[in-house]
1. Filter the GluC sites (Glu not before Pro) in segment 1-89 down to the DSSP loop ones having no more than 14 other Cβ atoms within 10 Å, then list what survives.
2. Is the chain best put as rounded, prolate or oblate by its Cα gyration tensor, with a ≥ b ≥ c the root eigenvalues, rounded for a/c under 1.5, and otherwise prolate when a/b is larger than b/c, oblate when not?
3. With the contact rule set at Cα under 8 Å and sequence spacing of 6 or more, what percent relative contact order holds for segment 48-111?
4. With only Lys, Arg, Asp and Glu charged, each at its Cβ (+1 for the first two, -1 for the last two), find how big the charge dipole of the chain is about the Cα centre; round to the nearest 20 debye.
5. Based on the mean of other beta carbon atoms within 10 Å per residue, what is the order of 45-56, 88-99, most packed first?
6. For the chain, return all DSSP H helices satisfying: extent of Cα atoms along own axis at least 18 Å; mean Kyte-Doolittle hydropathy at least -1.0.
7. Show me 58-64, 37-43 ranked by packing, highest mean number of other Cβ atoms within 10 Å first.
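Every number here is computed from the coordinates shown, using simple stated rules; none is lab data. Everything numeric here is computed off the predicted structure, so don't read it as measured data. Neighbour counts run over all protein chains shown; Cβ positions are idealised from the backbone, glycine included.
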Amino acid sequence: MHPTIQRMQDVVAKGDESLIHELLAEDVRFSPPTYYSTWTGRAPVAAVLGHVGQVFSDFRYRRVMGAGKDWALEFQGQVGDLDAVGVDLITLNDDGLIQEFEVVMRPHKTIGALREAMMARIMTDARFLEFKNALS
């Protein structure tokens, strides 16, 4: 398994954005499951993923599939009292850093709860006023 993928499994659930930050390419692109837009750039993506790690409970990766630059990490966890299952689709760059990070998740009700919890957290994080221009 690629060392970045191994490390990612250890840090994402902790919600520590400084640990996540070091795994991301400078121009990383993150596509969340909650809406059809993309966050671009190391700082905003690390901040978003840090918040996500705080919103989920009992988060764990169940299976890891892939090789080389392309990986799929199946996860499960909870948002509040709602169960979630999903897949992180990861593409690494030539330096072994995360270049593309897309999340697909179900069920729909949990995605709605995730969006609400994330919006509540982002609204109290002043950095997101700066990051809003990074949303493309």
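1. Numbers: sites: GLU17, GLU22, GLU26, GLU74; in loops: GLU22.
Passing sites in segment 1-89 are GLU22.
2. Values: a/c = 1.65, a/b = 1.12, b/c = 1.48.
The shape class here is oblate.
3. Working: 117 pairs, mean separation 15.4, N = 64.
About 24 percent, as a whole number.
4. Once rounded to the nearest 20, the dipole reads 320 debye.
5. Values: 45-56: 22.1, 88-99: 17.0.
Peptide ranking by packing, descending: 45-56, 88-99.
6. Working: long enough: 42-55 (20 Å, 0.89); 108-123 (22 Å, 0.20).
Result, helices passing both filters: 42-55, 108-123.
7. Numbers: 58-64: 13.4, 37-43: 17.1.
Final packing ranking: 37-43, 58-64.
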